[in-house]
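Down below is the structure, laid out as structure tokens.
The values are calculated or read from the model by the stated rules, or taken from the named source; none is laboratory data. None of these values were measured; they are calculated from a predicted model. With ideal geometry, Cβ positions are generated from the backbone for all residues, glycine too; neighbour counts draw on all protein chains shown.
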Amino acid sequence: MIIEKILNNNVVLTLNEKNKEIIVMGRGIAFKKKVGDKVAKESIDKVYTLSDKETSSKFQQLISDIPMEYMSLSDDIINNAKITLGKKLSDSIYIGLTDHIHTAILRFKEGVAVKNAVLWDTRRFYKEEFSLGMKALDLIEERFGVRLPDDEAGFIALHIVNAEKDQDIKVIYKITKVMQEVSNIVKYYFGISFDEESVYYYRFITHLKFFSERLIEGKTYTGEEDDGLLDVIKVKYKNAYECVEKIASFINEKYNYVLANEEKLYLTIHIEKVVSRA
């Protein structure tokens, strides 16, 4: 491998056998080296092959400013997430998560705490990802000697969710916020606590995720309208439907989004099921 660009003493840009740009990392890999020199394979600890030039460019900029230890930590967290979830994650997580962890640790050392407004809902809606976030806090403590608050596990979880869906982290945060608002309307309307281990709760939350995505992305439900079935459901599940009407009113007022009848139908059914088993 020939060095195309030196990012810092530990990271260089080079080309693989397919003539594609790759970023290679290794302690002291570029020490006393210059562009055009060869990289010894035994000195390489990690190779990053990023999907597009824009992501690669941002990653190069990030990696130039952040110590190698943070890159290694982030890489271990991401690999653990891939194995645990069994999913491919967007390359963007290498940028967003690494930058977030670096900033969070610096902020913590300066005594600055940032509250996560959707912490509890992230824990409920994205259980696997939140568990990975908690494990990441253990790893951070082990490597850097600081114990970040659980709020940061929530932020890390959202970065993982973001990489699963390949959406902007701000969009994921907004989707989670909508899920929080709707589930709270249901909870307070019926005066219940959800059985978060039930299959009905899982189905309700899964539906809520897709609904919230459509809302934030400005997409309306495109299924076939069945007003006849909705008329039946209105009577059969009267309280659940009245709760949906409250949700529809709130969503329309806050987000200027009108719930289609088909959406009301499915929400009513899911709410009836989850409430009757609460």
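The residues of the stretch 183-200 that are part of a helix (DSSP H, G or I), hydrophobic (A, V, I, L, M, F, W, C) and surrounded by fewer than 22 Cβ atoms within 10 Å (Cβ to Cβ), listed by number, are Ile185, Phe190, Val199. Is there a residue being small (Gly, Ala, Ser), out of contact with any Cys (no Cβ under 8 Å at 6 or more places or on another chain), touching a residue at least 60 places away in the same chain (Cβ under 8 Å) and at negative phi anywhere in the stretch 103-118? Yes: one or more hits.
So is Tyr126 within 14 Å of the chain's Cα centre (by Cα), among the hydroxyl-bearing types (Ser, Thr, Tyr) and modelled with pLDDT under 90 or not?
Values: within 14 Å of the chain's Cα centre (by Cα): yes; among the hydroxyl-bearing types (Ser, Thr, Tyr): yes; modelled with pLDDT under 90: no.
Criteria not met by Tyr126.
Looking at this structure, is Lys87 of a type in the set (D, E, K, R) and either assigned to a loop (DSSP other than H, G, I, E, B) or in contact with a Lys or Arg (Cβ under 7 Å, 6 or more places away or on another chain) (or both)? Yes.
For the stretch 224-242, the candidate set comprises residues that are surrounded by 12 or more Cβ atoms within 10 Å (Cβ to Cβ) and assigned to a loop (DSSP other than H, G, I, E, B); within that set, the residue that is modelled with the lowest pLDDT is Glu225.
Could you run through the stretch 15-25 and say how many residues are under 30 Å from the mean Cα position of the chain (by Cα) and either of a type outside the set (A, V, I, L, M) or under 14 Å from Ser51 (Cα atoms) (or both)?
Narrowing the stretch 15-25 to residues under 30 Å from the mean Cα position of the chain (by Cα): 20-25.
Now narrow it down to the ones that are either of a type outside the set (A, V, I, L, M) or under 14 Å from Ser51 (Cα atoms) (or both): 20-23.
The total comes to 4.
Let me confirm something: among Ile44, Ile78, Ile22, which residue is out of contact with any Asp or Glu (no Cβ under 9 Å at 6 or more places or on another chain) and at pLDDT 85 or above?
On the way: Ile44 fails: at pLDDT 85 or above; Ile22 fails: at pLDDT 85 or above.
Result: Ile78 is the single residue among Ile44, Ile78, Ile22 that is out of contact with any Asp or Glu (no Cβ under 9 Å at 6 or more places or on another chain) and at pLDDT 85 or above.
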